[in-house]
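First comes the structure, then the notes that go with it.
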Amino acid sequence: MHSIASRAGRWPLALTLAVVAACSDEPSAPTLSAPLRPNAAAGDVFLVTNTNDSGLGSLRWALGFTTGGEVIRFDPALAGQTIALDSTIYIYESVMIEGLADAGITIDGRGHGRVIMARFAHVTLRNLSITGGNADNLVGGAFYGEGDLVLENSLVYNNRAGSAVAIAAGNVTITNSTITGTKLARPTTFDYPVALADTVVVTNSTIAHNEWGGIGSAIAGGRVVLRNSIVSNNGGKNCPYYLTPVLVREGTNISDDDTCGGPSEIIIADPKLGALADNGGPTKTHALLAGSPAINAGSNCSVQADQRYFPRDAQCDLGAFEFADFTTVTITIDPASAVSQNGWATLTGTVTCSRSETFSLALELHQEQRVGKETVDIHSAATEPVACGPTAGPWSASMVLTEGAFQNGTAAATAVTFDAEPWVASASASRDVKLYRSRK
């Protein structure tokens, strides 16, 4: 995004009016004191030591000394704490603000205005929760800037704006992050995206449960890239058409409407998201629930961990959260198996699951028999469907032979889960089984 003035002719009418309002209604930015500025170099680290709105050691104080390229971090003693603002934080130089990876930092605008405003600066926000922004009749309740924004492992939630736009910037890159709970400050007939920019790239992120739209570009012909992400459960449209962006789909994505593409382009389904909650890591997240079609649905996965820094599988889940609440399965095989008169065996056992599931057991039974001077492997395989739950349930399978016959003695039995849903952890069991011929 360029300067406000240079963009006016390219924004939709409603947004143009919002920007004009921004020029006339916004309070002037405070003048920063220069004499105390240290000799900072690009890449220097500034440490925030308290959660005060301003003053020595505060985030606002540290930003006042940046010259461009610095990283602002937080004293570990501040892990999980909140900076409650009395007014918008202004950023004038390109910086990274990085919260603590284990518990993060929350920046709360408390409804006093935008949370962060960046003038022509390129800003990276990592391990942060941005909330309580209120842009009133303007755009960018959580963040507004003429430069670019990179959002990583962060949460933007419960912010308000005139057009329900939580983030507005030149180009926006969202990775392993969640945008949720954005509210509309005034009525509108348009479907507004919560993140608005010339180019928006969304990778392994979740845009969900916002009041008035999903994701979009600020200009006709702008570009939106969705990569292994969830854009769902938003009011209005998940991909608003009136912005006419070029929509690029990479990997696999999911939406609960068809505004981001048809069934050949995107998974159209409810992703089954849990409520926003503390699931570990620097911010709250929307967990994937068991049964979510987003589990193991990713392709061409390039992000190694999720928003919580929980490792992702080779076939990653969609969105910001990597599912870990797998159904556990316990299989037993009974120690003895009857052999019928035709030489077939009946293998039995039990199966228990931490939640109700249906799948199959792939079963094998091997017995070594001496035939003359040779040892022969007599074996049978079967697939047995089972219904599994918290109470152990029996299973039974006939181990049919195409030639030969099982004899009295010992055989080796195995059972492995087969054709289970992605959220069911694989399980297996093996043991020696005593075979005995039944008598009539």
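If you check L318, L365, which single one turns out to be out of contact with any Pro (no Cβ under 8 Å at 6 or more places or on another chain) and not acidic (D, E)?
It is L365.
Search the stretch 372-391 for residues that are in the same structural domain as G349 (by TED's automatic domain parsing) and pair each with any residue that is basic (K, R) and modelled with pLDDT of 95 or more when their beta-carbon atoms are under 8 Å apart and the residues are at least 6 apart or on different chains.
The qualifying pairs are G389/R355; P390/R355.
Hey, can you tell me all the residues within the stretch 149-166 that are part of a loop (DSSP other than H, G, I, E, B) and either in contact with a Leu (Cβ under 6 Å, 6 or more places away or on another chain) or touching a residue at least 40 places away in the same chain (Cβ under 8 Å) (or both)?
Result: N153, S154, N159, G162, S163, A164, V165, A166.
Can you tell me which residue among T244, T252, T259 is modelled with pLDDT of 95 or more and either over 19 Å from T178 (Cβ atoms) or among the polar types (S, T, N, Q) (or both)?
T252
Just to verify a result, which residue in the stretch 394-408, among those that are of a type in the set (S, T, N, Q) and under 52 Å from the mean Cα position of the chain (by Cα), is nearest to G349 (Cα to Cα)?
Taking the candidates together, the pick is S396.
Restricting the stretch 379-425 to residues that are closer than 19 Å to T328 by Cβ and among the acidic types (D, E), which is surrounded by the fewest Cβ atoms within 10 Å (Cβ to Cβ)?
D419
If you scan the stretch 175-197, which residues turn out to be buried (at least 21 other Cβ atoms within 10 Å of the Cβ) and touching a residue at least 40 places away in the same chain (Cβ under 8 Å)?
T175, N176, S177, T178, T180, T182, D191, Y192, P193, V194, L196, A197 - these are the residues of the stretch 175-197 that are buried (at least 21 other Cβ atoms within 10 Å of the Cβ) and touching a residue at least 40 places away in the same chain (Cβ under 8 Å).
Only one residue in N279, N234 is under 30 Å from T82 (Cβ atoms) and surrounded by fewer than 20 Cβ atoms within 10 Å (Cβ to Cβ). Which one?
Numbers: N234 fails: surrounded by fewer than 20 Cβ atoms within 10 Å (Cβ to Cβ).
Just a single option satisfies the conditions, and that option is N279.
Report yes if some residue within the stretch 345-363 is of a type in the set (V, I, T), out of contact with any helix residue (DSSP H, G or I) (no Cβ under 7 Å at 6 or more places or on another chain), more than 30 Å from R312 (Cα to Cα) and loosely packed, with under 14 Cβ neighbours inside 10 Å; otherwise report no.
No, the stretch 345-363 contains no residue that is of a type in the set (V, I, T), out of contact with any helix residue (DSSP H, G or I) (no Cβ under 7 Å at 6 or more places or on another chain), more than 30 Å from R312 (Cα to Cα) and loosely packed, with under 14 Cβ neighbours inside 10 Å.
Counting just the residues of the stretch 167-202 that are touching a Gly at 6+ places or on another chain (Cβ under 9 Å), outside any strand (DSSP E or B) and small (G, A, S), which one comes out modelled with the lowest pLDDT?
A185
Checking the structure you have, find out if any residue of the stretch 107-122 is in contact with a helix residue (DSSP H, G or I) (Cβ under 8 Å, 6 or more places away or on another chain) and assigned by TED's automatic domain parsing to the domain that holds T67.
For the stretch 107-122, residues in contact with a helix residue (DSSP H, G or I) (Cβ under 8 Å, 6 or more places away or on another chain) and assigned by TED's automatic domain parsing to the domain that holds T67: present.
Mind counting the residues in the stretch 280-305 that are under 17 Å from T252 (Cβ atoms) and in contact with a Gly (Cβ under 8 Å, 6 or more places away or on another chain)?
Residues meeting the conditions: 6.
Hey, among the residues in the stretch 115-147 that are of a type in the set (D, E, K, R) and modelled with pLDDT under 95, which one's nearest to T180 (Cα to Cα)?
Result: D136.
Of all the residues that make up the stretch 311-344, how many are within 30 Å of P394 (Cα to Cα), of a type outside the set (V, I, T) and surrounded by fewer than 20 Cβ atoms within 10 Å (Cβ to Cβ)?
12
State yes or no: is A275 touching a residue at least 12 places away in the same chain (Cβ under 8 Å) and either farther than 16 Å from T206 by Cα or not acidic (D, E) (or both)?
no
Conditions: (1) within 35 Å of the chain's Cα centre (by Cα); (2) in a strand (DSSP E or B); (3) not charged (D, E, K, R). P390 meets all but one. Number of the miss?
The one condition P390 does not meet is (2).
Which numbered condition trips up T346, out of (1) more than 18 Å from V329 (Cα to Cα); (2) in a strand (DSSP E or B); (3) β-branched (V, I, T); (4) without any contact (Cβ under 8 Å) to a residue 40 or more places away in the chain?
Answer for T346: the failing condition is (4).
The values are calculated or read from the model by the stated rules, or taken from the named source; none is laboratory data. What you see is a predicted model; the values in this text were computed from it and never measured. Please note: Cβ atoms are built from the backbone with ideal geometry, for glycine as well, and neighbour counts cover all protein chains shown.
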